[in-house]
Amino acid sequence: MSTTTLSNPNTNGAAPNGDGRRPRRTPKGRQVDPAALDEVRALLGARSRQRDLLIEHLHLIQDRHGHLSAAHLAALAAEMKLALAEVYEVATFYAHFDVVKEGETPPAPVTVRVCDSLSCAMRGAEHLIRDLPAKLGRDVRVVRAPCMGACDRAPVVAVGHMQVFKATPDKVASTAKAPPHPHAFATPNDLAAYRNNGGYALLSDCLAGKRTRDDLIKIVSDAGLRGLGGAGFPTGRKWSLVRAEPAPRLFAVNCDEGEPGTFKDRHYLEQDPHRFIEGMLIAAWVIEAPDTYIYVRDEYPEVRLLLEQEFEKVRAAGLASHTRLHLRRGAGAYICGEESAMIESIEGKRGLPRHRPPYVAQVGLFGRPTLEQNVETLYWVRDIVEQGAAWFASHGRRERKGFRSFSVSGRVKKPGVVLAPAGVTARELIEEYCGGMEDGQTFKGYLPGGASGGILPASMADEPLDFGTLEKYGCFVGSHAVVILSGEDDMKAVALNLVKFFEDESCGQCTPCRVGAEKAVKLMAQGPWNPALLTGLSTLMRDASICGLGQAAPNPLLCVLKYFPDELSKPLGRW
């Protein structure tokens, strides 16, 4: 008896799947384009494919092609052996990455970013945003951007990665015709000049065993050195806490100042980078960190290239034999100034703040105990140890200790970085250090600590600007970014500008911050202001947000309600 084999016409000769369907000829998911894979491999070269370098590799593609195509993202995921979803979620989180999906048109060849944060808004940023598209033409894309760390030279516009200070449409158009490539800043104090003036002698003594770790901790503690990135945590205590944790301990350096009004770290890195580098290497020695990670914001390309250049010199001189230096590049996210979000970004992830406890000092970078410090804090280490705790503590006013570096911008004659005694007042900053108010301007109010530090009226300009002095007024000094306001500035417009910054920069992880900031902006922009409703919304954001961004976002709004009630009935002003 013979048998007949019946074939399924839908299988093309292949065995059916049991339910009559034809088997897949390719794996599920997006297929990797061989040409894109070759391009990605050529860009990466011999660089490691380790997971924490994802953001660095995304930068390579973005810098080369001007955007991140779907094909390149799929190829990068395959090359790094990551799920494509992981690569997409990181690429779409950061503002400086332009993700182009299949079928979408890539952005224009040149991108112009106009800073619309407060100091630049006061100097005409909105006029630039309005006028530049017609001036520059279709081959240039004009977008809004948050603070670029040059508030003393406002308004600021970035053409590609290069910034144009005190920008005008003509200056921007001239730069956009041939955008320059970033190059290392020509610092007046390079390694040779710094060593000729006694630089790295203290570090050499530490490495040679002439100094002890406990002695250095005691000196910075007695001097009253605090974290100068905003939190003000005592430095010596932080060193001790991290040293008490089991090895290996890691070190993460925060060069990501993004608070509107803040530019002091940039100033010190450009003018005297090795004083910071020596302080950093000493701190790494104190906590015995085998690896040190330096996270630099993407808005400072010249600073990043300068540090890259000077790090090579330091390594060649044998000054970093005790710790490996890893320079990491941000990608446009203010939230990464928060210590745990910065650590997530260093690990190649989205910059989402972590829940605490555990604290970074216990479980930080790659799960290890981690010391996190700001640029200016490390900048002072050498001087304090060499000249003694009493020298540093002897400076100050109103029973405060040490120096403070204030980033001053706004309606003063001489904006810039001001080195002043701790405890100085806003009025003293204006009159003694900044040449007074601009001609024709009347002092009306000021931001004591950047966008998150609140707003105070001129009648309260004699309060000491230091940690713990302004909290009772609903404000704080934070990163010491002082923006001076005049009668020309509408306080409702000031608060709206600041709260909108937080709306744009929210990481989106928690609902109170993400939705609360968006709702606050709508209520403030539409008006009339409802104090009870806005206060209730602010209370919810303060009490329920995960990190300081959402908790501090309502501060400008609440300060206008409290200190400038006469302005609430006026129409919303414009610059």
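For the chain, a crude dipole built from +1 on the beta carbon of Lys and Arg and -1 on the beta carbon of Asp and Glu, taken about the Cα centre, is about 1020 debye to the nearest 20. As I understand it, the value is the acute angle between the Cα axis of helix 301-316 and the longest principal axis of the Cα atoms of the chain; what does it come to in degrees, rounded to 10? The answer is roughly 90 degrees.
With a sphere of radius 14 Å drawn around the Cβ of Ala544, what net charge do the other residues whose Cβ falls strictly inside it have (Lys, Arg +1; Asp, Glu -1)?
Taking every Cβ under 14 Å from that of Ala544, the sum is +2.
Cys residues of the chain that find no other Cys beta carbon under 4.7 Å: Cys147, Cys151, Cys206, Cys255, Cys336, Cys434, Cys475, Cys507, Cys510, Cys513, Cys547, Cys559. With every protein chain in place and a 1.4 angstrom probe, the accessible-area ranking of Val32, Val112, largest first, reads Val32, Val112. In this structure, the pairs whose alpha-carbon distance is over 30 Å, taken from Lys28/Lys101; Lys238/Lys413; Lys135/Lys264; Lys264/Lys500; Lys218/Lys414, are Lys238/Lys413; Lys135/Lys264; Lys218/Lys414.
Does segment 465-520 classify as rounded, prolate or oblate by the C-alpha gyration tensor (a ≥ b ≥ c root eigenvalues; a/c under 1.5 gives rounded; else a/b over b/c gives prolate, otherwise oblate)?
Verdict is oblate for segment 465-520.
Using only the C-alpha atoms, the convex hull of the chain corresponds to 207 Å³ per residue.
Considering only the chain, what is the antiparallel percent among its DSSP beta bridges, to the nearest 5?
If I count the DSSP bridges inside the chain, around 45 percent turn out antiparallel.
Other residues whose C-beta falls under 12 angstrom from the C-beta of Leu568 contribute a net charge of 0, scoring Lys and Arg +1 and Asp and Glu -1.
Split the accessible area of the chain by element, probe 1.4 Å, and carbon with sulfur accounts for 51%.
Given a 1.4 angstrom probe, what's the average accessible area per residue across segment 215-364, in square angstrom? All intermediate terms of the calculation are to be shown ahead of the outcome.
Working: 4590 Å² over 150 residues.
Roughly 31 Å² per residue, with all protein chains present.
Based on Cα atoms of segment 196-282, Rg over Rh with Rh as the Kirkwood radius reads 0.98.
Ordering of 443-455, 533-545 by packing is 443-455, 533-545, highest average first (other Cβ atoms within 10 Å, averaged per residue).
For segment 416-555, the extents of the C-alpha atoms along the principal axes are 44, 30, 24 Å, listed from largest to smallest. Remark: segment 393-438 carries 39 Å² of accessible area per residue (probe radius 1.4 Å; ligands, DNA and RNA excluded). Sites listed here are GluC sites (Glu not before Pro) in segment 272-347 whose DSSP assignment is loop and whose Cβ has at most 16 other Cβ atoms within 10 Å: Glu288. Ile219 sits with roughly 40 Å² accessible to a 1.4 Å probe, with DNA, RNA and ligands left out of the calculation. The local environment of Asp222, defined by Cβ-Cβ distances under 11 Å, has a net charge of +1 under the rule Lys, Arg +1 and Asp, Glu -1.
Here is how the number arises for the chain: DSSP H runs of 4 or more residues each give -39500 (n - 2.57), the sum is divided by the residue count, and the result at 222 nm is -11500 deg cm²/dmol. What is the Rg over Rh value, at two decimals, for segment 155-225, using alpha-carbon atoms and the Kirkwood definition of Rh? Rg/Rh: 1.31.
Over segment 48-193, what is the percentage of antiparallel beta bridges among all DSSP beta bridges, to the nearest 5? For segment 48-193, the DSSP antiparallel bridge percentage is about 45. Take 374-386, 181-193 and order them by the average number of nearby Cβ atoms within 10 Å per residue, most first; the result is 374-386, 181-193.
The values are calculated or read from the model by the stated rules, or taken from the named source; none is laboratory data. From a predicted model like this one, the values you see are computed outputs, not experimental measurements. Virtual Cβ from ideal backbone geometry, glycine too; neighbours counted across all protein chains shown. Keep in mind that these areas ignore ligands, DNA and RNA; they rest on the heavy atoms of the full protein, side chains included. Shrake-Rupley method; radii C 1.70, N 1.55, O 1.52, S 1.80 Å.
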